[in-house]
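The values are calculated or read from the model by the stated rules, or taken from the named source; none is laboratory data. What you see is a predicted model, and the numbers here were worked out from it, not measured in a lab. When we count neighbours, we look across all protein chains shown, and the Cβ atoms used for this are built from the backbone with ideal geometry, even at glycine.
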Amino acid sequence: MQPIGTTLALLCTTAAIGAVWLHTQTDEAPLRSALDVLGLIAAMAAVARAVALVRRTALRPRAAGVMSTVGIVGIVALGCWIGANSPQLTWFGSQVSHGPRDRQQVALTFDDGPNATATLAIAAILDAHNAKGTFFTVGKAVNRRPDITRALIADGHLIGNHSYHHDSTHWLDPRYLELGKAQDAIGDQTGVCPAFFRAPHGQHTPFMAHVVHAHGMVMAGWDVSAGDWLSRDPQALARQIVSKARPGSIIDLHDGLDGNVDVDRTVLVRAMPYILDGLAARHLEPVRLDVLLNRPGYLARCDRRLVQTRAAASGIAPKSIAASVRLVRER
Ligand SMILES: [Zn+2]
């Protein structure tokens, strides 16, 4: 029985690790949820088998206790990792990952810019297709190329906040000063105060969600991504995006990478016409995120004290919506 038990424990462990890995490789929400459940069941089964094995040894009950503790900590850690990394799950605070499914609209969103060569090229392609995009800009990049962000705003595209440094550690800071710092950079350089925030790499914590809401902002995830930062084939990238999109989708693309203004994003620039033609063929209209979600794209002022109360937030909403709609209509 012992070898069979050991094999079962190893199989369950492998299944749990495999489910987590597959979770990170797909952007299909139903599949990710199924993999989450499968991974948790496999992890619990692995712990149960390991505890049962230890109990048969002379080391019990101390070893069994250690194994149980390690197993429980492992399962909790797995759950935390999945919740923190998902652009769709709301375990760690509210975030939107799509708009209404009953309208033929999608939002094309572009992260990590502004980029010296790609951002305005993408904007020009959007304009040529009578479309507007949403650009989640990185504060440090805005400070380097404020002219690009200003040109996007003047052209009727929407600007969102995508942190100041876009690194791999600040998301763990409970104060999450990155958000305010980026908001200040964007506000100082352009005069607008984004209402939408997207967490770098989609990684978020309950503390971050609290800070976002304290600023009167909305955390925006996505439900369509094709890993465009890795793609080298514009047509293949476009095919993936178009095939995954459905009514209400928030599509995640990258006009920059990690706020590096000089990185080469030619592949996305070349993919854009195929993406826009493909969406048109499926009768999906690309609109700004504020239009898709029917909520303000900008705050009236960047001063967080003015938007912390419900009364203040409700007061600025109609003005901001009207300003957003006017801006889009004028283009
Ligand atoms: Zn990013």
Handout entry: Selection count, segment 238-273, where residues are crowded, with 21+ Cβ neighbours inside 10 Å and within 16 Å of the ligand (Cβ to nearest atom)
Key = 11
Practice task
Pull up segment 162-183, narrow it to residues that are within 15 Å of the ligand (Cβ to nearest atom) and of a type in the set (A, V, I, L, M, F, W, C), then point me to the one that is surrounded by the fewest Cβ atoms within 10 Å (Cβ to Cβ).
Solution key: Trp171
Handout entry: All positions within segment 251-267 that are touching a residue at least 40 places away in the same chain (Cβ under 8 Å) and either over 18 Å from Leu158 (Cβ atoms) or acidic (Asp, Glu) (or both)
Key = Asp252, Asp255, Leu257, Asp258, Gly259, Asn260, Val261, Asp262, Val263, Asp264, Arg265, Thr266
Fill in the blank from the handout: Residue count, segment 108-139, condition small (Gly, Ala, Ser) and within 16 Å of the ligand (Cβ to nearest atom), comes to 4
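Of the residues Ile186, Ile159, which single one is more than 12 Å from the ligand (Cβ to nearest atom), surrounded by 22 or more Cβ atoms within 10 Å (Cβ to Cβ), within 18 Å of His98 (Cα to Cα) and assigned by TED's automatic domain parsing to the domain that holds Ile251? Quick ask: steps written out before the conclusion?
Details: Ile186 fails: within 18 Å of His98 (Cα to Cα).
Criteria check complete, one pass: Ile159.
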Handout entry: Yes/no for Gly227 being free of Cβ contacts under 8 Å to residues at least 12 places away in the same chain, under 15 Å from the mean Cα position of the chain (by Cα) and at positive phi
Key = yes
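Every residue, every condition in (1) small (Gly, Ala, Ser); (2) without any contact (Cβ under 8 Å) to a residue 12 or more places away in the chain; (3) in contact with a Ser or Thr (Cβ under 6 Å, 6 or more places away or on another chain); (4) not assigned by TED's automatic domain parsing to the domain that holds Ser249, yes or no:
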{"position": "Gly113", "(1), (2), (3), (4)": "yes, no, yes, no"}
{"position": "Ala118", "(1), (2), (3), (4)": "yes, no, no, no"}
{"position": "Ala121", "(1), (2), (3), (4)": "yes, no, no, no"}
{"position": "Ile125", "(1), (2), (3), (4)": "no, no, no, no"}
{"position": "Phe135", "(1), (2), (3), (4)": "no, no, no, no"}
{"position": "Lys140", "(1), (2), (3), (4)": "no, no, no, no"}
{"position": "Ile148", "(1), (2), (3), (4)": "no, no, yes, no"}
Problem - Hits in segment 189-221 (condition: surrounded by fewer than 22 Cβ atoms within 10 Å (Cβ to Cβ), outside any helix (DSSP H, G or I) and either within 16 Å of the ligand (Cβ to nearest atom) or of a type in the set (Gly, Ala, Ser) (or both)) - result: Gly191, Gln203, Gly221
